[in-house]
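Below is one structure, written out as structure tokens; the observations come after it.
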Amino acid sequence: MPVIDVQQDLENLTLTISADFAAPVQRIWQIYADPRQLEKIWGPPSHPATVVDHDLTPGSRTTYFMTGPDGEKYAGYWQITAVDEPRSFSFVDGFADADFNPIPGTPVASNVYTFAEHDGGTRATYVTTFASVEDLQKVLDMGVIEGTTSALNQIDAVIAS
């Protein structure tokens, strides 16, 4: 399993996940840059993602939805804020309605994804920062750790394909 560590820090409003992959940094970058590959790893296996729009450049917006086992669709968006290909990218992530408009009152998070060479492969560090303890607790209660861990653990299969 690629995920090696999960840290939740209520004081600093962060959730940090670290994962190791047996692939070069550039290969891991490609998974996030290519919408068809991103679909294979963004949602957990129970809620596969469909990426509607995706361009990993500052100022762009990614829109997607995940489909649950019951067929229900859950939309979201990324607002890309910074890109340092292939080392890192940053984005604001939020919940959206069916037209990909942000849903007021739902958690919005700032994310920094970093990829570095490590032991012949890549160490990925995913840091998510929330606006409040309540927002962090909401996503923890929704199962974000389990969902993200199972989503990230799909990367090995994408690398192998």
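Here is how the numbers come out for the structure above:
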{"quantity": "Pair list, Cβ < 7 Å and 6+ apart or interchain, from the stretch 120-142 residues that are at pLDDT 95 or above to residues that are charged (D, E, K, R) and assigned to a strand (DSSP E or B)", "calculated": "G121/D20; R123/D20"}
{"quantity": "I4 open to solvent by 50 Å² or more (accessible area, probe 1.4 Å) and either touching a Gly at 6+ places or on another chain (Cβ under 9 Å) or part of a strand (DSSP E or B) (or both)", "calculated": "yes"}
{"quantity": "Selection status of D97, over 24 Å from P24 (Cβ atoms) and either among the acidic types (D, E) or surrounded by 17 or more Cβ atoms within 10 Å (Cβ to Cβ) (or both)", "calculated": "yes"}
{"quantity": "Failed criterion for G76 (all others in (1) at pLDDT 95 or above; (2) of a type outside the set (F, W, Y); (3) open to solvent by 50 Å² or more (accessible area, probe 1.4 Å) hold)", "calculated": "(3)"}
{"quantity": "Filtered residues of the stretch 124-161 (kept if in contact with a helix residue (DSSP H, G or I) (Cβ under 7 Å, 6 or more places away or on another chain), open to solvent by less than 30 Å² (accessible area, probe 1.4 Å) and β-branched (V, I, T))", "calculated": "I155, V158"}
{"quantity": "Checklist (1) hydroxyl-bearing (S, T, Y); (2) touching a strand residue (DSSP E or B) at 6+ places or on another chain (Cβ under 6 Å); (3) under 25 Å from G121 (Cα atoms) applied to Y32, failing item", "calculated": "(2)"}
{"quantity": "Candidates D93, D20 - the one that is touching a residue at least 24 places away in the same chain (Cβ under 8 Å), out of contact with any Phe, Trp or Tyr (no Cβ under 8 Å at 6 or more places or on another chain), of a type in the set (D, E) and in a strand (DSSP E or B)", "calculated": "D20"}
{"quantity": "Residue under evaluation P45, criteria (1) more than 18 Å from Y126 (Cα to Cα); (2) open to solvent by less than 40 Å² (accessible area, probe 1.4 Å); (3) out of contact with any His (no Cβ under 7 Å at 6 or more places or on another chain), criterion not met", "calculated": "(2)"}
{"quantity": "Which listed residue, of P58, P104, P69, P86, is part of a loop (DSSP other than H, G, I, E, B), more than 26 Å from I4 (Cα to Cα) and in contact (Cβ under 8 Å) with a residue 24 or more places away in the chain", "calculated": "P58"}
{"quantity": "Boolean, W29 is in a strand (DSSP E or B), in contact (Cβ under 8 Å) with a residue 12 or more places away in the chain and surrounded by 19 or more Cβ atoms within 10 Å (Cβ to Cβ)", "calculated": "no"}
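The values are calculated or read from the model by the stated rules, or taken from the named source; none is laboratory data. Quick caveat, the model's predicted, so the values are computed rather than measured. Cβ sites come from the backbone with ideal geometry, for glycine too, and all protein chains shown count toward neighbours. These area figures cover heavy atoms from the full protein model, side chains too; ligands, DNA and RNA do not enter into them. Shrake-Rupley method; radii C 1.70, N 1.55, O 1.52, S 1.80 Å.
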